[in-house]
Amino acid sequence: MKTLLIKKTMTPETKRTIILIDDNAILRTIFGHMLQGFTDYEIDFHSFKNALDALDFLDNNDICQSLMPSILFVDINMPFMTGWELMDVLENSTDFIKRTKIFIVSSSTSKSDQEQLANYPFISGFILKPFGKESIYEILKKID
């Protein structure tokens, strides 16, 4: 797990937790650097190489304590547990689903992956890799 505090004056009420779950170490690093340039609000960034590590973090940390909704970016194809399997686990966490915006990030252009989105109405969107910081900033600005 990599944790990156983007601003120093965070309080639990004002920070926004952003989590990226992706097995690509380079993407995790680049994503963290992209977030450093976003200054509209305070960010507490965590990245994980697999869904099991992320679930362990979520089980041990109440990321829903902030007044601002948390954002979860999840890759589909990862070792140990796919993004879809993670969605199966998370859909039973009603409070988490209500307080978190979830985006699938994937390089998959598979029609079956697009159709799979319909099984999870709590997913806020699908982001096709590769993506630039502008597309991430646009998402971050829209969520409140």
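The values are calculated or read from the model by the stated rules, or taken from the named source; none is laboratory data. Nothing here was measured: the structure is a model prediction, and the numbers come from that model. A quick note on method: Cβ atoms are made from the backbone with ideal geometry, for glycine too, and the neighbour counts reach across all protein chains shown. Heavy atoms of the whole protein, side chains included, go into the accessibility calculation; ligands, DNA and RNA do not. Shrake-Rupley method; radii C 1.70, N 1.55, O 1.52, S 1.80 Å.
A few notes on this one:
- Selection status of Met34, assigned to a loop (DSSP other than H, G, I, E, B) and either modelled with pLDDT of 90 or more or open to solvent by less than 30 Å² (accessible area, probe 1.4 Å) (or both): no
- In the condition set (1) modelled with pLDDT of 95 or more; (2) surrounded by fewer than 19 Cβ atoms within 10 Å (Cβ to Cβ); (3) of a type in the set (Ser, Thr, Tyr), Thr9 is compliant with all but (1).
- Cβ-Cβ under 7 Å pairs, at least 6 apart or on other chains, segment 72-92 side more than 14 Å from Ser124 (Cα to Cα) and free of Cβ contacts under 8 Å to residues at least 40 places away in the same chain, far side charged (D, E, K, R) and open to solvent by 10 Å² or more (accessible area, probe 1.4 Å): Ile76/Asp113
- The set of residues in segment 42-70 being out of contact with any helix residue (DSSP H, G or I) (no Cβ under 8 Å at 6 or more places or on another chain) and either open to solvent by 60 Å² or more (accessible area, probe 1.4 Å) or aromatic (Phe, Trp, Tyr) (or both) consists of Leu52, Asp53, Asp56, Phe57, Asp59, Asn60, Asn61, Asp62, Gln65, Leu67.
- Among (1) open to solvent by less than 20 Å² (accessible area, probe 1.4 Å); (2) more than 24 Å from Arg16 (Cα to Cα); (3) not aliphatic (A, V, I, L, M) - the single one Ser106 does not satisfy: (2)
- The listed residue being among the aromatic types (Phe, Trp, Tyr), under 12 Å from the mean Cα position of the chain (by Cα) and open to solvent by 20 Å² or more (accessible area, probe 1.4 Å), out of Phe73, Phe96, Phe126, Phe131: Phe126
Residue by residue, here is whether (1) among the hydrophobic types (A, V, I, L, M, F, W, C); (2) farther than 25 Å from Glu138 by Cβ holds:
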| residue | (1), (2) |
| --- | --- |
| Ile30 | yes, no |
| Thr39 | no, no |
| Ile43 | yes, no |
| His46 | no, no |
| Asn50 | no, yes |
| Asp56 | no, yes |
| Asn61 | no, yes |
